[in-house]
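Just so it is clear, none of the values below were taken in a lab; they were calculated from the coordinates. These numbers were taken from a predicted model, which means no experiment stands behind them. Neighbour counts run over all protein chains shown; Cβ positions are idealised from the backbone, glycine included.
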Ligand code: MN
Ligand code: MN
């Protein structure tokens, strides 16, 4: 049962590949801080690997054949990729599914206001955050503003060295006596996560002069007017690039690694797989952090509908074939796991915790209390995966999210499982999960990408 630290077994070739993967992954993180930015990058990489737009195939009623590679983007915030296998789709697909949304602060619909000659943006946090972690950090604004005529303005401010950053202030320690007596959950309250963006008044103005100056800047530099915030989606995220962590450079620190670490490795595995027997599929979805809801979340019919479109272009669509395709599929719900943290050992049960350097993590179940809300994966499926990972020399471990009754969490796994397919949670261990800066191990990233590829090739 002893599992070695994967670093021990690496030769020069492994280390070269590991480093190349880590560099590409860091680029993906630094350039993908929103769902839309991740989708855009995924499309670029897919096109380079020979994928074509499924929507164009649908418009032209262009037939699909084994070996064909197609992608489909949904509302710019989710993407599906299919690499058609030699076997009929009806015998099932091998699916990798990850999410590309991450916890952050979203601007409210009416965000802009002036208070005591400072101009601020009001936010509403997205996903599970410890609010006190999001103050006194350099933050960037990413997103999209849609004008009334439909024109879209991409916003990306605070990432380049010479660009300004914004952020949320915190109370000075000298006056924090009362604040520090509060429970950590209310030390910084949600309504107080207001982003400071300016302090310079416009000359010759009596009222709201600082806000007026800001509106001039928004108009001049970005062509954005105050009313345009009504139809905008702007995410306030930690500013700065993903970078190596640790003096030995064995780890990566970045914003958004839950779940872009599994999204990127899923995509990489998908693009690397050649001539699959069973159709390979990769799903990168939005809204996991708030319950997988909405048109771009896993609960959307987007995946089912697109699979129907693929079947139709293969000349094989009917309702029964679609249902069989879905139920005969296997899926890795590619999501992160909590890494064992030596600073906080009390929340973990050591035999069933995930460790850095021990490879891909299989979570048979997630959930809270008595496994509530969990997709409890079948041992028959786990046995198949054990064999694949052992045969392909993939380091893996099994874990659950902390001690019994310590807390819990969920993923997208239970949603596709509703079609009757086998699904298991399978991903990378993360330290400081959901914090503005999360940490992963490069060796785990390397093992997970290998594991995902092995699954796409060999699961049947
Ligand atoms: Mn996740
Ligand atoms: Mn999460």
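Quick rundown of the values:
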{"read-out": "Net lengthening on full extension, residue 203/residue 241 (0.36 nm per residue, minus Cα-Cα)", "value": "10.0 nm"}
{"read-out": "Helix-only CD estimate at 222 nm, as mean residue ellipticity for the chain, using -39500 (n - 2.57) per DSSP H run (n ≥ 4)", "value": "-8500 deg cm²/dmol"}
{"read-out": "Over the range 321-457: Kirkwood hydrodynamic radius from C-alpha pairwise inverse distances, Å", "value": "15.3"}
{"read-out": "Quotient of Cα Rg and 2.2 N^0.38 Å for the range 131-201, N being how many residues it contains", "value": "1.46"}
{"read-out": "Debye equation applied to the C-alpha atoms of the range 90-158, log10 I(q)/I(0) at 0.14, 0.15, 0.16, 0.19 Å⁻¹", "value": "-0.65, -0.72, -0.79, -1.01"}
{"read-out": "The range 68-199 shape via C-alpha gyration tensor axes, a/c threshold 1.5", "value": "prolate"}
{"read-out": "Principal axis dimensions, largest first and in whole angstrom, of the range 72-122 by Cα", "value": "67, 18, 13"}
{"read-out": "Cα long-axis angle, helix 379-391 against the chain (0 to 90 degrees, to the nearest 10)", "value": "90"}
{"read-out": "Whole-number percent relative contact order across the chain, with pairs defined as alpha carbons under 8 Å at least 6 apart", "value": "22"}
{"read-out": "More than 20 Å apart - percent of Cα-Cα pairs taken over the range 20-84", "value": "33"}
{"read-out": "Computed Kirkwood radius, in angstrom, where 1/r is averaged over Cα pairs of the range 1-46", "value": "12.7"}
{"read-out": "Length gained when the stretch residue 2-residue 217 is fully extended (0.36 nm per residue, less Cα-Cα span)", "value": "71.4 nm"}
{"read-out": "Cα long-axis angle, helix 209-222 against the chain (0 to 90 degrees, to the nearest 10)", "value": "40"}
{"read-out": "Sequence ranges 280-290, 342-352, 78-88, 147-157, ranked by mean other-Cβ count within 10 angstrom, highest first", "value": "280-290, 78-88, 147-157, 342-352"}
{"read-out": "Fewest-first sequence of 145, 293 by Cβ atoms within 10 Å of each Cβ", "value": "293, 145"}
{"read-out": "Estimated Rh, the range 290-357: Kirkwood, alpha-carbon pairs, angstrom", "value": "15.6"}
{"read-out": "Whole-angstrom gap from the range 63-80 to the range 260-312, using each part's C-alpha centre", "value": "9"}
{"read-out": "Estimated FRET transfer efficiency when R0 is 41 angstrom, pair residue 9-residue 226 (beta carbons, to 0.05)", "value": "0.10"}
{"read-out": "Where a label projected 7 Å from the Cα of residue 185 along Cα→Cβ would reach, residues of the range 330-367 with amide N under 20 Å", "value": "347-348, 367"}
{"read-out": "Kirkwood Rh and Cα Rg combined as Rg/Rh, the range 379-445", "value": "0.99"}
{"read-out": "Scaled radius of gyration (Cα, divided by 2.2 N^0.38 Å) that the range 1-153 gives", "value": "1.44"}
{"read-out": "Rounded to 10°, Cα long-axis angle of helix 442-458 versus longest principal axis of the chain", "value": "40"}
{"read-out": "Estimated inter-spin distance, residue 248 and residue 352, nm [label 7 Å along Cα→Cβ]", "value": "3.0"}
{"read-out": "Residues 405, 170, sorted so that the one with the fewest Cβ neighbours within 10 Å comes first", "value": "405, 170"}
{"read-out": "Burial ordering of 161, 44, 37, fewest other beta-carbon atoms within 10 Å first", "value": "161, 44, 37"}
{"read-out": "Alpha-carbon Rg with Dmax, taken over the chain, Å", "value": "23.1, 75"}
{"read-out": "Potential lengthening between residue 152 and residue 386 on full extension [0.36 nm per residue; Cα-Cα distance subtracted]", "value": "79.5 nm"}
{"read-out": "Sorted largest first, extent of the range 137-255 alpha carbons per principal axis (Å)", "value": "48, 40, 25"}
